[in-house]
Amino acid sequence: MKIVIAGGGDIGVKIAEKLIFENHDVTIIEKDLQLIKILQNKLDAMVIHGDITSIETLLKSNILNADFFLAVSNNDSDNIIACNIVNKSKKDKNISIICKVDSYYKYFNKDYIMPIDFGIDTMIKPLEITVAKIIDLLNNPNIFEIMNYAENSAQLVGVKVKRNFIYKGMPISEIASTDNMFSKVMLVAIQRDGKVIIPKGNDVVYPKDKLYLVGKMETIKTIVKEHFSRPMNLKNIIIVGGTKYAIELAKALSKMNKIVTIIEEDKFKCKKLSFVLDDVLIMNGSATDSHLMDELSIENSCVISISDNDEYNILSAFTAKKYNASKTMCMIKNSSIVTLINNLDPIDTVFSPHALTIAEAIKLTRKSDLFSVSPFNEIDAETIGINITKDSKILGTPIKDIDFPEESIIGVIIRDNNVIIPSGNDSLQLGDKVIIFLLPEAISKVEKMFTSSKFGGWR
């Protein structure tokens, strides 16, 4: 596919890297000359110098021959204007227009003006995506990753192996034969020392490993409760940083009857927060201040660090753990270091608005036989859900006879609302839904196995 990306910042670059890796034809529009030099040296893509709101620049990018236009610059109004120009210019061309807007309600109101009025097909709203992710993780405090499939019949979770895990040091095949519940789920990946392993039966599970399990939702819940949970009362939520994320999160948590406190260093921001937030305690100070931590008594609290400063977020999470916070969650805007920070013990969960935005953009460029695309929060991997159709090249083939890339694994088959943990003798039948875990290098290979379309892939 041909994809034009408006904006060559951190988000635009990461989207381009992933799309290029999947063999798409990518063009980037950027007005910063210094950044353009970096992009030209870094990416196998055409880089156009110019303003994304200029029709001359957009036409120069060959936008009228594109399949997708992604406006992901750091300027909301520029993104909206660029999308509108592309919409007015495309006439009868089939170009999917995707727009990133951080301050959605500043520009749109369902009673007056909506994205469709600008020809925007799909909106990416980083603020909403991030807040939804945080709440999802808060509702499931003993896991660090969660994905639901096929109307919640199947679920994937990420759990951390504790020192007291009764099956530590045991091969996976022995765990499954010893404990019947583990035979009903699939371990699709192990994260160890920053590396992702797609395990085989003789691989061993160690303390501090992060396991990704997929199976029937009820079974997953039972395993998490019996082996990977500890009692946590997360009624008290302490938010570090008075950012736009803090405001929206505090509003949502207050509706959930949580007791919310926001710590903010800037006195002026504190005053503004007190005006816009009811039933939220605003404290002026630093979340790394030992006196403030003593005053707050943060035991049995969840501390969520979401300031605009990555370093401060990391340090405040460390401080919170030192003072016995039940759970620490840390926002990292630099998506490149999420995996690195994720390996630090004092931080229970790491999330990145940029990474979530990038994942959403990539997901929107995938269509056809896919019913789900779910990139992971902490690792460079994803699960895809594929509907098995009559055009699927491996329809009816036993799994053991399929030449699957080593970087991928079938997690579950959903057939007539039944969740099946596949064995080598199982074959894929018409109407099946298949959940596949895969690393980036396997994407194009797996794509060719399952689908056929005019684009030769997921479009």
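Each value in this text was obtained by applying a stated rule to the coordinates, not by laboratory testing. Keep in mind that this is a model prediction, so the values were computed, not measured. Ideal geometry is used to build each Cβ from the backbone, glycine not excepted, and the neighbour counts take in all protein chains shown.
Which of rounded, prolate or oblate describes the stretch 20-106 when judged by the alpha-carbon gyration tensor and an a/c cut-off of 1.5? Could the numbers behind the result be given before it?
Numbers: a/c = 1.57, a/b = 1.20, b/c = 1.31.
Since a/c reaches 1.5 but b/c is at least a/b, the shape of the stretch 20-106 is classed as oblate.
Quick check: residue separation of Glu128 and Asp380 times 0.36 nm, minus the Cα distance between them. What number comes out in nm? Mind dumping the intermediate values first?
Values: separation 252, 0.36 × 252 = 90.72 nm, distance 2.20 nm.
Between Glu128 and Asp380, full extension yields an extra 88.5 nm.
List Thr122, Thr130 from most exposed to least, where exposure is judged by having the fewest other Cβ atoms within 10 Å. Walk me through the numbers before you get to the answer.
Details: Thr122 14, Thr130 23.
Ascending number of Cβ neighbours within 10 Å: Thr122, Thr130.
DSSP beta bridges in the chain, what fraction antiparallel, as a percent rounded to 5?
Working: 45 of 87 bridges.
Given both bridge residues lie in the chain, the antiparallel proportion sits at roughly 50 percent.
Tell me, what is the FRET efficiency for Asn139 and Ser423 to the nearest 0.05, using R0 = 22 angstrom and their Cβ-Cβ distance as r? Don't jump to the answer; show the numbers that get you there.
Details: r = 33 Å, r/R0 = 1.50.
Once the sixth-power term is evaluated, E becomes 0.10.
Within 10 Å, at most 13 other Cβ atoms, and a DSSP state outside H, G, I, E, B define an exposed site. Report the longest part of the chain free of exposed GluC sites (Glu not before Pro). If you can, show how the numbers build up before the last one.
Working: sites that count: Glu151, Glu406.
By the stated rule (loop sites, at most 13 other Cβ atoms within 10 Å), 152-405.
Suppose every K and R has +1 on its Cβ and every D and E has -1 on its Cβ; what is the size of the dipole of the stretch 204-260 about the Cα centre, in Debye to the nearest 20? Don't skip to the answer; put the middle values down first.
Details: 11 positive and 4 negative charges, 35 e Å.
Here the stretch 204-260 has a charge dipole of around 160 debye.
Here is the link list: Lys31/Lys93; Lys14/Lys400; Lys88/Lys125; Lys168/Lys244. Which ones come out longer than 32 Å on Cα distance? Walk me through the numbers before you get to the answer.
Working: Lys31/Lys93 26 Å; Lys14/Lys400 35 Å; Lys88/Lys125 23 Å; Lys168/Lys244 42 Å.
Checking Cα-Cα distances, Lys14/Lys400; Lys168/Lys244 exceed 32 Å.
Out of all DSSP beta bridges in the stretch 2-124, what portion is antiparallel? Express it as a percent rounded to 5.
Working: 1 of 21 bridges.
Percent antiparallel among DSSP bridges in the stretch 2-124 is about 5.
Given a Förster distance of 60 angstrom, what is the FRET efficiency for Asp403 paired with Lys271, based on the Cβ-Cβ distance and rounded to 0.05? Working shown, then result.
Details: r = 63 Å, r/R0 = 1.06.
According to the calculation, E is roughly 0.40.
If we count other beta carbons within 10 Å of each Cβ, what is the order of Met147, Met329, Met283, fewest first? Could you put the intermediate results ahead of the total?
Numbers: Met147 21, Met329 27, Met283 15.
Going from sparsest to densest Cβ surroundings: Met283, Met147, Met329.
Return the sequence-ordered ³J(HN,Hα) values of the stretch 201-212 in whole Hz as given by the Karplus equation 6.51 cos²θ - 1.76 cosθ + 1.60 applied to θ = phi - 60°, using x for Gly and Pro.
Each residue's phi maps through the Karplus curve to give x, 8, 5, 9, 9, 10, x, 6, 4, 10, 9, 10 Hz.
What distance in nm lies between label points placed 7 Å from Cα along the C-beta direction at Asp289 and Ser177?
6.0
How big is the antiparallel share of DSSP beta bridges in the stretch 276-378, given as a percent to the nearest 5? Please list the in-between numbers first.
Values: 1 of 8 bridges.
Rounded to the nearest five, the antiparallel share is 10 percent.
Can you list residues whose amide H is under 5 Å from Asp209's amide H, if they're 5+ apart or on another chain and H is modeled 1.01 Å from N?
Val161
Given the pairs Lys363/Lys445; Lys18/Lys60; Lys160/Lys195; Lys195/Lys445, which span a C-alpha to C-alpha distance of over 19 angstrom in this model?
Values: Lys363/Lys445 17 Å; Lys18/Lys60 23 Å; Lys160/Lys195 14 Å; Lys195/Lys445 21 Å.
Table pairs above 19 Å Cα-Cα are Lys18/Lys60; Lys195/Lys445.
What distance in nm separates the simple spin-label points at Asp391 and Glu151, each placed 7 Å from Cα in the Cβ direction?
The two pseudo-label positions are separated by 2.6 nm.
Would you mind working out the magnitude of the charge dipole of the stretch 2-124 relative to its Cα centre, with +1 at each Lys and Arg C-beta and -1 at each Asp and Glu C-beta, to the nearest 20 Debye?
Values: 14 positive and 17 negative charges, 28 e Å.
Rounded to the nearest 20 debye, it is 140 debye.
Which shape class, rounded, prolate or oblate, goes with the stretch 167-281 when its Cα gyration tensor gives a ≥ b ≥ c as root eigenvalues, a/c under 1.5 marks rounded, and past that a/b bigger than b/c marks prolate? Don't jump to the answer; show the numbers that get you there.
Values: a/c = 3.82, a/b = 2.59, b/c = 1.47.
In terms of gyration-tensor shape, prolate.
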